[in-house]
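Colleague: Would you mind keeping the following structure in view while I ask a few things?
The values are calculated or read from the model by the stated rules, or taken from the named source; none is laboratory data. As the structure is a prediction and not an experimental result, all values here were calculated from the model. For neighbour counting, all protein chains shown are included, and Cβ atoms are generated from backbone atoms with ideal geometry for every residue, glycine included. Just the protein is used for accessible areas: all its heavy atoms, side chains included, with ligands, DNA and RNA removed. Shrake-Rupley method; radii C 1.70, N 1.55, O 1.52, S 1.80 Å.
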Amino acid sequence: AGGGFPTGCNVENACYSLGMCAERTAIQKAISEGHTSFRAMAITSDMGNSFIVPCGACRQVMREFGTDWDVYLTKADGTYIVKRLEELLPLSFGPEDLKK
């Protein structure tokens with residue numbers, strides 16, 4: 001929301017659970033640079049004819065910063081669709097639920 005464009009990439013590891021997804025890398029980098037409000041995220045890959053989507057862990061980390069932002073999901077050919085984060089993680093648990 002502040003005009004910056006932090007980037008991230010997947011960091012693969014032979015032990016899959018120790019790798020890091022691009023979405024979480026980008027958010028953590030943004031936070032470390034002082035950005036705490038987001039309007040959109042674009043997720044891209046050269047995976048082929050399927051839209052690339054964030055994993056569940058990434059969706060939950062994204063959710064920490066609200067549900068009212070756009071997620072651009074792309075295909076290798078450059079086509080894309082836009083989803084609201086609340087569509088990707090319906091009935092989610094967020095920071096405001098800790099106060100209940």
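Colleague: Give just the number: which of (1) under 18 Å from V82 (Cα atoms); (2) open to solvent by 40 Å² or more (accessible area, probe 1.4 Å); (3) not in a loop (DSSP other than H, G, I, E, B) does F51 not satisfy?
Modeller: Every condition holds for F51 apart from (3).
Matching residues to (1) farther than 18 Å from P6 by Cα; (2) open to solvent by less than 60 Å² (accessible area, probe 1.4 Å); (3) hydrophobic (A, V, I, L, M, F, W, C); (4) modelled with pLDDT of 90 or more:
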| residue | (1), (2), (3), (4) |
| --- | --- |
| V61 | no, yes, yes, yes |
| E64 | no, no, no, yes |
| G78 | yes, yes, no, no |
| L88 | yes, yes, yes, yes |
| E96 | yes, no, no, no |
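Colleague: Just the residues that are within 15 Å of V61 (Cβ to Cβ) and of a type outside the set (A, V, I, L, M), please, taken from region 87-100.
Modeller: Result: S92, F93, G94, P95.
Colleague: Somewhere in region 11-27, is a residue of a type in the set (F, W, Y), farther than 22 Å from F93 by Cβ and either at pLDDT 80 or above or not in a loop (DSSP other than H, G, I, E, B) (or both)?
Modeller: Scanning region 11-27 turns up at least one residue that is of a type in the set (F, W, Y), farther than 22 Å from F93 by Cβ and either at pLDDT 80 or above or not in a loop (DSSP other than H, G, I, E, B) (or both).
Colleague: Residues being farther than 21 Å from A76 by Cα and open to solvent by 80 Å² or more (accessible area, probe 1.4 Å): count how many of those fall in region 6-28.
Modeller: Residues flagged as farther than 21 Å from A76 by Cα and open to solvent by 80 Å² or more (accessible area, probe 1.4 Å) within region 6-28 amount to 5.
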